[in-house]
Each structure stands twice: as C-alpha cells, then as structure tokens.
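Encoded as structure tokens, the structure appears first; notes follow it.
The values are calculated or read from the model by the stated rules, or taken from the named source; none is laboratory data. Values in this document were obtained by computation on a predicted structure and should not be read as measured data. When we count neighbours, we look across all protein chains shown, and the Cβ atoms used for this are built from the backbone with ideal geometry, even at glycine.
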Amino acid sequence: MVEVRDLHLTVTASAGPVHILAGIDMRVEAGEAVGIVGPSGSGKTSLLMVLAGLELATRGEVVVGGRRVTGLDEDALARFRRDNVGIVFQAFHLIATMTALENVALPLELAGRRDAAARARETLAAVGLAHRLTHLPGQLSGGEQQRVALARAFAPRPRLLLADEPTGNLDITTGRAVMDLLFDMRAEHGTTLLLITHDPALAGRCGRQIRLADGRVVADAPSLVP
Ligand SMILES: Nc1ncnc2c1ncn2[C@@H]1O[C@H](COP(=O)(O)OP(=O)(O)OP(=O)(O)O)[C@@H](O)[C@H]1O
Ligand SMILES: [Mg+2]
C-alpha cells in the first residue's frame with residue numbers, strides 16, 4: 001500500500017540546510033496498522049505530510065496504492081488525496097462556518113458523490129453524533145470535534161488513513177473513546193492506518209511500530225502483544 005524509498009526532505013533555513021528526513025525506507029502492506037513513534041522533532045509529521053503529498057520530497061520516491069506520488073503535479077496530487085487518503089490531525093481542522101454534517105459531506109461532494117449528504121449522516125451516526133448534525137464546530141466539545149474529523153476522514157472510505165496524534169488535544173477518557181472508534185472503523189473497512197503517537201499503549205495497538213530519530217528509521221518491528 002505504501003512504499004517509500006530513500007526519501008529525503010531538506011529545507012533551507014537562515015542557519016543553513018535542515019535535513020528533516022534523511023533517507024527513509026519503508027513498506028506498509030494493505031490493511032496494516034503501523035504506529036509511527038519517536039522523539040519530538042524526529043520527522044514524524046514531516047513524513048506524514050510527504051506521504052499525503054502535502055509536502056514535496058527533496059529526493060526519493062513515495063508510492064501509494066501503486067501510484068507514484070512523488071512527481072505528480074498539484075492537480076494530480078489533489079485528486080490522488082481525494083481518492084485515496086484520509087487525514088486526521090491533532091487540531092481538528094474543521095471548517096468553522098460549516099455544520100458537522102456539511103464538514104463531513106464536503107469532501108464527498110467534491111468527489112462528485114450524489115449520496116454525499118446521506119453518507120455523511122450515516123458516518124456521523126457511526127461516530128455517535130447523529131444528534132449533532134447541525135452544530136457548528138464551535139458548538140461541539142473537543143472530543144465531538146475530533147469525531148467529526150474522523151467521520152470526515154472515513155466517509156470517502158480511503159484506502160489509507162494518516163493520523164497525527166489525533167487524541168493529543170483530548171482528555172484521557174475522550175481520547176480513548178475516539179481511538180476505539182478509529183480502530184473499529186479501520187477494522188470494518190480494512191483501512192491501512194499510519195498512526196503517529198507519543199502514547200506507547202496506542203502504538204502498541206498497531207501491529208507494527210516504526211521509530212524515527214533525526215529523520216531516519218531506527219527501528220521497525222511488530223508490536224509485542226501484551
Ligand atoms: N519549514 C521548516 N523549516 C525548518 N525546519 C523545519 C520546518 N518544518 C519542520 N522543521 C524541523 O524538522 C524537524 C522535524 O519536524 P516534525 O514536525 O516532522 O517533527 P515531529 O517528529 O512530528 O515532532 P513532534 O513529536 O514534536 O510533533 C524539527 O526539528 C522541525 O523543527
Ligand atoms: Mg509532529
């Protein structure tokens with residue numbers, strides 16, 4: 001599902017070049033759940049941005065679902081994301097002026113789906129928000145907002161879901177509930193999941209863990225079953 005070969009990301013800062021990703025190689029099979037761990041600044045978010053095509057690699061190759069992402073132009077990248085990738089960030093990134101239902105329906109409408117509203121309603125019901133369809137993000141709790149973001153990411157049934165500390169802004173109980181939902185929906189749809197987390201217990205729920213340090217993979221192993 002995901003193949004990364006000799007991936008480099010270098011940016012030029014005032015103090016000189018910064019090697020954010022310094023030769024990443026990894027391969028993730030369809031249906032796998034992989035926890036991406038490593039210290040702050042090790043390049044986890046940057047890796048996710050390159051995989052999603054939101055950041056351009058300096059060197060190397062990214063192939064997602066047989067499609068070479070590196071080398072696509074802006075339009076092709078936008079289409080690739082729309083058709084293949086769901087993304088959930090730590091800060092929910094919902095559109096403040098749109099209701100929960102509109103937030104979830106928007107990517108479906110952009111993909112030209114005629115059943116956008118029905119699919120959005122159904123997915124919001126699946127995350128326990130059937131009674132919050134017409135609320136604006138500002139009228140929802142943090143956990144509810146993240147469940148809307150989850151519904152938005154899952155509604156188009158992406159083959160690949162990228163999640164960057166999706167429970168980082170939530171209290172422990174709410175975070176656990178959101179994470180249960182994420183794993184339930186992943187199991188139901190067979191979604192390949194890359195989950196960035198600082199929480200060892202969460203990383204342990206993924207079948208495999210990849211550890212980054214200084215922009216490199218320093219460990220890649222199956223999770224030990226508790
Ligand atoms: N545009 C940029 N210019 C310069 N340096 C950058 C830029 N973007 C990221 N970096 C640096 O790249 C490194 C990796 O950042 P990244 O956000 O990928 O880390 P991370 O592993 O996600 O960390 P955290 O766990 O704190 O979220 C950091 O040292 C960061 O300062
Ligand atoms: Mg990060």
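Among the conditions (1) more than 16 Å from ligand 1 (Cβ to nearest atom); (2) closer than 20 Å to ILE210 by Cβ; (3) of a type outside the set (Phe, Trp, Tyr); (4) in a loop (DSSP other than H, G, I, E, B), GLY41 misses just one, which is (1).
The set of residues from the stretch 90-111 being assigned to a helix (DSSP H, G or I) and closer than 15 Å to GLY142 by Cα comprises just one member, ALA100.
Are any residues in the stretch 1-47 within 13 Å of ligand 2 (Cβ to nearest atom), touching a helix residue (DSSP H, G or I) at 6+ places or on another chain (Cβ under 9 Å) and over 20 Å from ALA187 (Cα atoms), and if so, which ones?
Within the stretch 1-47, ILE20, LEU21, VAL37, GLY38 meet the criteria.
So, ILE87, is that one within 15 Å of ligand 1 (Cβ to nearest atom), of a type in the set (A, V, I, L, M) and at pLDDT 95 or above or not? So ILE87 fails the test. For the stretch 112-131, the tally of residues that are more than 25 Å from PHE183 (Cβ to Cβ) and surrounded by 13 or more Cβ atoms within 10 Å (Cβ to Cβ) stands at 3. Just one of the listed residues (ARG114, ARG79) is in a helix (DSSP H, G or I) and over 26 Å from GLY175 (Cβ atoms), namely ARG79. Restricting the first member to the stretch 38-56 and to residues that are surrounded by fewer than 18 Cβ atoms within 10 Å (Cβ to Cβ), and the second to residues that are aliphatic (A, V, I, L, M), the beta-carbon pairs closer than 6 Å and six or more apart or on different chains are GLU55/MET49.
Taking the stretch 132-226 as the region of interest, the strands (runs of 3 or more DSSP E) fully inside it that hold 3 or more residues being crowded, with 16+ Cβ neighbours inside 10 Å are 160-164, 192-196, 208-213.
Contact annotation: residue pairs with Cβ atoms under 7 Å, 6 or more positions apart or on different chains, pairing a residue in the stretch 172-198 that is among the aromatic types (Phe, Trp, Tyr) with a partner that is assigned to a helix (DSSP H, G or I), are PHE183/ARG205.
Cβ-Cβ below 6 Å, separation at least six or inter-chain, first residue in the stretch 209-224 and over 21 Å from MET49 (Cα atoms), second modelled with pLDDT of 95 or more and polar (S, T, N, Q): which pairs? Close Cβ pairs satisfying both conditions: SER223/GLN209.
For the stretch 46-58, the set of residues classified as of a type outside the set (A, V, I, L, M, F, W, C) and either at pLDDT below 95 or assigned to a loop (DSSP other than H, G, I, E, B) (or both) consists of GLY53, GLU55, THR58, listed by residue number.
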